[in-house]
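Down below is the structure, laid out as structure tokens.
The values are calculated or read from the model by the stated rules, or taken from the named source; none is laboratory data. Keep in mind that this is a model prediction, so the values were computed, not measured. Cβ atoms come from the backbone with ideal geometry, glycine included; neighbour counts cover every protein chain shown. What goes into the accessible areas is simple: the full protein's heavy atoms, side chains included, and nothing from ligands, DNA or RNA. Shrake-Rupley method; radii C 1.70, N 1.55, O 1.52, S 1.80 Å.
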Amino acid sequence: MRARRTAPLRAVRGAPGALAVLAALTGLVSCTGGPSLEHRGAVTASPGDSRDLAIGSAGFTESELLAQMYAALLRRAGYRTRVLTVGNRELYEPALEAGQIDVVPEFAATFADWLNAKEHGPEAAPVASPDLTTTMAALRRLAAPRGLTVLPAGRAVDQNAFAVRASYAAEHRLRTLSDLGRAGLPVRLAAGDECVQRPFCAPGLRKTYGIDVTAVDPKGVGTTPAKQAVQNGQDQMVLTTSTDATLDQFGLVVLADDRKLQNADYVVPVVNRARAGGARPAAALDRLNRVLTTEDLAHLNEQVDSWRRLASDVAHNYLVSKGLLKKS
């Protein structure tokens, strides 16, 4: 259900060497599916420790923030870093395998199922689950033959979330999705049009929670029109994400996913093993894992999306506030 992977291919703020890397990316992904397994030299390579590291961003706010924080922490650890914004996983994942991007922020469940579909076809049974340990094991099994190392997951999770009007929740005493199912209320859901058939959206709400989803209003995932439709009572619930910090502005509250319908989409750094698979990059990035929470990430998103601050500045200020960087 993640609807955030379509930004155009571009470099960030004239980063040194960015154009050369982007040119290489274009050549790389012109071959569908990326390099073949037989020719991936990184598959059996020892963990590497390159001094120059390219950090990839998928082009939406959250990914850009995470990439900027990764870059800053790796610079503090003595690496030369640059951030490249590459608009979708079909572009940056093959580049990550090839070592033209060295580090990317990912989401455990989404990336596991994406790699599984790439390896076994689009009809392959999902391997991710609501359990983080199970999901990470599946992700690492799929990533390792591609020369990728999946570092430990942090505390922050960005997964689907469902929100209703705060007044509606108070009126019907709703705190969880189970409460909504027991209430038997008809629910018109503002979401992306794919919600009609995705197991983690309308079908899952009906099956797991017994919620009477009468229709899906195709206004997108967490968009302003979708939230406004719930705010004004046209719809009763909106599909958004757990790091959406704008819900208060629309008088909305999230209902807890108490039966764990959603998969474990925790933030995880993924690195090219041959170039950044050593202990030092992992230790630098783990410093962020220990402090960054879902609530923190939502607030950082808000500063960029609502307050119109630069992602690089927001990332820097957060790291300084947590004692991970010195004030400049």
In sequence order, what are the phi-derived ³J(HN,Hα) couplings for region 246-251 according to the Karplus relation 6.51 cos²θ - 1.76 cosθ + 1.60 with θ = phi - 60°, rounded to whole Hz, with x for glycine and proline? 9, 4, 4, 5, 9, x
Which ³J(HN,Hα) values in Hz, rounded to whole numbers, follow from the phi angles of region 187-194 under the Karplus curve 6.51 cos²θ - 1.76 cosθ + 1.60, where θ = phi - 60° and Gly and Pro get x? 10, 9, 10, 7, 6, x, 5, 6
In Å², what does the accessible area per residue of the chain work out to with a 1.4 Å probe? 44 Å²
Amide H partners (placed H, <5 Å) of T85, local residues excluded: R10, V12, S57
Which value, in debye to the nearest 20, gives the size of the charge dipole of region 207-272 about its Cα centre, when Lys and Arg are +1 and Asp and Glu are -1 at the Cβ? 120 debye
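Where does region 213-328 land on Rg(C-alpha)/(2.2 N^0.38 Å)? Walk me through the numbers before you get to the answer.
Numbers: Rg = 18.0 Å, N = 116, 2.2 N^0.38 = 13.4 Å.
For region 213-328, the normalised Cα radius of gyration is 1.34.
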For a quick check: with amide H placed at 1.01 Å from N, whose amide H comes under 5 Å from Q159's, ignoring anything fewer than 5 positions away on the same chain? S242, T243
By how many degrees, between 0 and 90 and to the nearest 10, does the Cα long axis of helix 108-120 differ from the longest principal axis of the chain? 70 degrees
Among T214, T135, T246, which one shows the biggest mean-square fluctuation in a GNM of the chain, springs joining Cα atoms closer than 10 Å? T214
Candidate lysines for bridging to K227, where Cα separation is under 30 Å - those fewer than 8 sequence places away on the same chain excluded: K207, K219, K260
By how many nm would the segment from K326 to E123 grow when fully extended, if each residue of separation counts as 0.36 nm and the alpha-carbon distance is taken off? 68.2 nm
Which residues' amide hydrogens lie under 5 Å from the amide hydrogen of G220, considering only partners 5 or more residues apart or on another chain, with H built in the peptide plane? A191, G192, D193
From the backbone phi of region 281-297, what are the Karplus-calculated ³J(HN,Hα) couplings (6.51 cos²θ - 1.76 cosθ + 1.60, θ = phi - 60°) in whole Hz, Gly and Pro given as x? x, 4, 5, 5, 6, 5, 4, 6, 3, 6, 10, 6, 9, 4, 5, 4, 5
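Please identify the trypsin sites (Lys or Arg not before Pro) of region 45-125 that satisfy two criteria: DSSP loop assignment and at most 15 other Cβ atoms within 10 Å. Which are they?
Taking region 45-125 and a limit of 15 other Cβ atoms within 10 Å, the loop trypsin sites (Lys or Arg not before Pro) found are R51.
Taking all protein chains in place and a 1.4 Å probe, what share, in percent, of the accessible surface of the chain do carbon and sulfur account for? All intermediate terms of the calculation are to be shown ahead of the outcome.
Working: 7380 of 14280 Å².
Carbon with sulfur: 52 percent of the solvent-accessible area.
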Kindly provide the pair-distance distribution of the chain built from C-alpha pairs, with 20 Å bins from 0 and whole-percent values in order of increasing distance. 31, 56, 13, 0
What length, rounded to one decimal in nm, is gained on full extension from A215 through to R188, with 0.36 nm per residue of separation minus their alpha-carbon distance? 9.2 nm
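Classify region 42-89 as rounded, prolate or oblate from the Cα gyration tensor: take a ≥ b ≥ c as the square roots of its eigenvalues, call it rounded if a/c is under 1.5, otherwise prolate when a/b beats b/c and oblate if not.
On the way: a/c = 2.72, a/b = 1.34, b/c = 2.04.
Judged from the Cα gyration tensor, region 42-89 comes out oblate (a/c at least 1.5, b/c at or above a/b).
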Within region 306-328, which residues have the backbone N less than 18 Å from the label spot 7 Å out from D248 along Cα→beta-carbon, could you tell me? 306-309
